[in-house]
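First comes the structure, then the notes that go with it.
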Ligand code: SIN
Ligand code: CO
């Protein structure tokens, strides 16, 4: 992809300019980021998703049983009949995993690594509806899908920012409005992490939030060290060979800290383990129960492809690939596979192509390691056969 082409998605900025000046830094309003936007989902269809057990959904009522009442799905048919005319919002998480047309909205965001993408959350709000002034810890593109919504932008927040006393929601106690924009269908607003924002539906409206994910520093450290711990034998211990006699036997001396720091640094600097951990961690599916498949003998896979079968990536699976010291690694749904370097182009194809078939897989179908890999991904549930309509 050429990152120096002006993109409609970014209001005429190139990906490089956007990343340099806005990403993680400041908000950007893009009028008609998606020109002539066709809303891919009707409000009724969104409400239908919120009835499903495997779908995460919430309703926020500004004037409910208490201010900003949160109700958690799955809901039932009666839920929607009993809501007030105004001031509530339904939010449905990870709609991209359930609705292919919503998944397609992610296509133009490929100038960012796909492993940074979290999900597309879709909200439907009655007039006046919103979730209150708040901040999120991640980047988000808020695409207006239907109706109008006014977004008020406020201050940069941190973990000291005062919040309302609320059991479930993190609503800011104090919003310092700096900007206000009303978005129409196709308009989009990019917000960096921690910027206070407050969206209020002008009419009944729908918003598509393309949300990104970044592990917290605390998660990186705790998960990575847990992972590392599995490879370190119990025999490897704090060691003080060549220690000098203790100055005071009750004291922890500076030289102990030096030895500890050496022990930590020795393990922390292993790039192979860091990459393996990170790839596995970042490709863990959000809903592991939606990633499962069945064993398929490689010959049956070849026969199916020869008969025209099409393989598609499970929208609940995450995949990424990497290259280090002459080897390539494929990460799929939390697992890693170290592979021969000649599979590099296949890994790129697996991570990027929406559909795999006899034509684009042709050069690989002669290659045993490639066929076995594809069969394993099917067994894992990361890839599946497209079902004929
Ligand atoms: C919404 O769509 O109503 C909320 C999105 C957000 O503020 O993060
Ligand atoms: Co938000």
### Task
Starting from segment 136-159, take each residue that is in contact (Cβ under 8 Å) with a residue 40 or more places away in the chain and farther than 22 Å from residue 33 by Cβ and list its partners that are within 12 Å of ligand 2 (Cβ to nearest atom) and in a loop (DSSP other than H, G, I, E, B), counting only C-beta distances under 6 angstrom and pairs at least six apart or across chains.
137/193; 156/194
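Across segment 290-306, what is the total count of residues that are assigned to a loop (DSSP other than H, G, I, E, B) and either surrounded by 13 or more Cβ atoms within 10 Å (Cβ to Cβ) or without any contact (Cβ under 8 Å) to a residue 24 or more places away in the chain (or both)? Give the steps one after another, and end with the answer.
Taking segment 290-306 as the starting set, the residues that turn out to be assigned to a loop (DSSP other than H, G, I, E, B) are 291-297.
Add one more test, that the residue is either surrounded by 13 or more Cβ atoms within 10 Å (Cβ to Cβ) or without any contact (Cβ under 8 Å) to a residue 24 or more places away in the chain (or both), and what stays is 291-293, 296.
Total satisfying the criteria: 4.
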### Message
I'd like the full set of residues that are touching a strand residue (DSSP E or B) at 6+ places or on another chain (Cβ under 9 Å) and either more than 20 Å from residue 42 (Cα to Cα) or modelled with pLDDT under 95 (or both), limited to segment 118-140.
### Response
118, 131, 132, 133, 134, 135, 136, 138, 139, 140
### Task
Please verify whether segment 178-195 includes one or more residues that are surrounded by 12 or more Cβ atoms within 10 Å (Cβ to Cβ), assigned to a loop (DSSP other than H, G, I, E, B), out of contact with any helix residue (DSSP H, G or I) (no Cβ under 6 Å at 6 or more places or on another chain) and not assigned by TED's automatic domain parsing to the domain that holds residue 107.
no
### Query
Could you count how many residues in segment 144-172 are outside any loop (DSSP other than H, G, I, E, B) and within 13 Å of ligand 2 (Cβ to nearest atom)?
6
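Say we look at segment 71-93 and pick out the residues that are more than 17 Å from residue 203 (Cα to Cα) and under 23 Å from the mean Cα position of the chain (by Cα); which of these is surrounded by the most Cβ atoms within 10 Å (Cβ to Cβ)? Talk me through it step by step, then tell me what you get.
Step one: list which residues in segment 71-93 are more than 17 Å from residue 203 (Cα to Cα), which gives 71-82, 92-93.
Narrowing the set further to residues that are under 23 Å from the mean Cα position of the chain (by Cα) leaves 72-74, 92-93.
Values: 72: 10, 73: 20, 74: 14, 92: 27, 93: 23.
That would be 92.
Could we say that residue 98 is within 11 Å of ligand 1 (Cβ to nearest atom) and touching a helix residue (DSSP H, G or I) at 6+ places or on another chain (Cβ under 8 Å) here? Reasoning before the result, please.
Values: within 11 Å of ligand 1 (Cβ to nearest atom): no; touching a helix residue (DSSP H, G or I) at 6+ places or on another chain (Cβ under 8 Å): yes.
When the stated conditions are applied, residue 98 does not pass them.
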### Query
Which of the residues belonging to segment 353-374 are in a helix (DSSP H, G or I) and touching a residue at least 40 places away in the same chain (Cβ under 8 Å)?
358, 361, 368, 371, 372, 373, 374
### Message
Against the condition away from ligand 1 (no atom under 14 Å from the Cβ) and touching a residue at least 24 places away in the same chain (Cβ under 8 Å), how does residue 180 come out, does it pass?
### Response
yes
### Pair list, Cβ < 7 Å and 6+ apart or interchain, from segment 272-289 residues that are in a loop (DSSP other than H, G, I, E, B) to residues that are surrounded by fewer than 16 Cβ atoms within 10 Å (Cβ to Cβ)
287/54
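So in segment 128-137, with the set limited to residues that are assigned to a loop (DSSP other than H, G, I, E, B) and surrounded by 16 or more Cβ atoms within 10 Å (Cβ to Cβ), which one is farthest from ligand 2 (Cβ to nearest atom)? Spell out the reasoning first.
Looking only at segment 128-137, we keep the residues that are assigned to a loop (DSSP other than H, G, I, E, B), and these are 128-133, 135-137.
Those left that are additionally surrounded by 16 or more Cβ atoms within 10 Å (Cβ to Cβ): 128-133, 135-136.
Working: 128: 17, 129: 14, 130: 10, 131: 7, 132: 10, 133: 9, 135: 7, 136: 4 Å.
Ranking the candidates gives 128 first.
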### Task
Those residues that are loosely packed, with under 10 Cβ neighbours inside 10 Å and under 27 Å from residue 277 (Cα atoms), I need them from segment 232-257; list them, please.
233, 234, 235, 237, 238
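The values are calculated or read from the model by the stated rules, or taken from the named source; none is laboratory data. The shown structure was predicted, so the numbers you read here are calculated from the model rather than taken from an experiment. Cβ coordinates were reconstructed from backbone atoms using ideal geometry, including for glycine residues, and neighbour counts include every protein chain displayed.
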